[in-house]
1. Going through 151, 118 one at a time, which residue ends up being outside the structural domain of residue 194 (by TED's automatic domain parsing) and either under 18 Å from residue 298 (Cβ atoms) or not in a loop (DSSP other than H, G, I, E, B) (or both)?
2. What number of residues within region 113-124 satisfy the criterion of being in contact with a helix residue (DSSP H, G or I) (Cβ under 7 Å, 6 or more places away or on another chain) and surrounded by fewer than 22 Cβ atoms within 10 Å (Cβ to Cβ)?
3. From (1) closer than 23 Å to residue 88 by Cβ; (2) modelled with pLDDT of 95 or more, pick out the condition that doesn't hold for residue 3.
4. Considering region 121-148 alone, what residues qualify as being more than 27 Å from residue 21 (Cβ to Cβ) and not in a helix (DSSP H, G or I)?
5. Can you tell me which residue in region 227-268 is surrounded by the fewest Cβ atoms within 10 Å (Cβ to Cβ), limited to those that are over 21 Å from residue 140 (Cα atoms), of a type in the set (D, E, K, R) and modelled with pLDDT under 95?
6. Test of understanding: among 246, 294, 232, which residue is of a type outside the set (Val, Ile, Thr) and on the phi > 0 side of the Ramachandran plot?
7. Could you pull out every one of the helices (runs of 4 or more DSSP H) wholly within region 1-98 that has 2 or more residues that are assigned by TED's automatic domain parsing to the domain that holds residue 111 and among the acidic types (Asp, Glu)?
Amino acid sequence: MEKQLNWGLLSTARINQALIRPLTTSKRTRLLAVASRSLSSAEAYAREWKIPRAHGSYEALLADPEIDVIYNSLPNHLHAEWTIKALQAGKHVLCEKPFALTLADVDAMTRAAQESGKVLAEAFMYRHHALTLKVKEIVDSGALGKIQLIKGAFTFTLNREGDIRLNKEMGGGSVWDVGCYPISYARMIVGTEPLEVFGWQATGESGVDESFYGQMKFAGGIHAQFDSGFKSPFRTLIEIVGTEASLTIPSPFKPDRNAEILLMRGDKAEKIKIKGGMLYMGEVDDMCDAIQHSKAPRVSLADSRANIAAILALVESAQTGKTISL
């Protein structure tokens, strides 16, 4: 029998709610504790979500000897600091995306994981879903022919005043929040890193990009285009165009349990249905496999580093108006 892994939530962030059900459903995990900056806040959250323990500081959670795994859902600018502290405290860490805001931070997190011998992975839940695995299988089979173009979008309307995603110092901006998804998806499909990128951004009063438009050029004549934003209607889409056929994925990043993709070959359309499980269960199972069975996480630290490198290059391009080579 596998030892049940005890998990702790580092913060009371809204995104926690997506992970609570998988953690309380899986027989491999136990959601044992939550931490906040005040004990009253942690206790209220623990009561609401029926979590056994509440810690009144992040340090107290890391000092809890019974916690095996930390889910780091803190704001972007705190990912590196508290992931490193958690690893040094002897905890495995699942860190929310984007992994970090600088390559120096990514490298420091990687060193901490290596030195501690603990598992560290980025929480890109879509990468574990049956839909994503099927799309990758279709592309790799050659069914689309030679890949020419990947188009992606992730936008929504953000109206909440004071939202941390509009705070530049906290790592705000649409490209960090949702643009990271189509960037990651294109890189996954191609299987290599972009050679050069170009980006445009529309900056709001807060100083962060409220809309971002990017292009990436890969070896072999493969191009990717994407947009992300806080000022457009809700849109998620990936389209992959090959010389023989194209594939459209209407809900690539948060697919339903019964997802559907469209394969177009000439004027013939084929709908492919994919049955998936609980959306965030895949990343939980992936962490369990890595910890309990020494299996390499599906999203490697090198993969996470490369995604941050691409985002940083796109941001630099948008700021300078120049094409950036990687």
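The values are calculated or read from the model by the stated rules, or taken from the named source; none is laboratory data. Remember, it's a predicted structure, so these values are computed and weren't measured experimentally. Please note: Cβ atoms are built from the backbone with ideal geometry, for glycine as well, and neighbour counts cover all protein chains shown.
1. Values: 151 fails: outside the structural domain of residue 194 (by TED's automatic domain parsing).
Residue meeting the stated conditions: 118.
2. Total satisfying the criteria: 3.
3. If we test residue 3 against (1) closer than 23 Å to residue 88 by Cβ; (2) modelled with pLDDT of 95 or more, just (2) comes out false.
4. First, the residues of region 121-148 that are more than 27 Å from residue 21 (Cβ to Cβ): 137-148.
Hits for region 121-148 are 142, 143, 144, 145, 146, 147, 148.
5. Checking each candidate, the answer is 267.
6. 294
7. Numbers: elements: 16-25, 39-49, 58-63, 79-88.
So the answer is 39-49.
Matching residues to (1) within 13 Å of residue 252 (Cβ to Cβ); (2) in contact (Cβ under 8 Å) with a residue 12 or more places away in the chain; (3) in contact with a strand residue (DSSP E or B) (Cβ under 8 Å, 6 or more places away or on another chain):
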| residue | (1), (2), (3) |
| --- | --- |
| 141 | no, no, no |
| 146 | no, yes, yes |
| 162 | no, no, no |
| 169 | no, yes, no |
| 172 | no, yes, no |
| 179 | no, yes, yes |
| 194 | no, yes, yes |
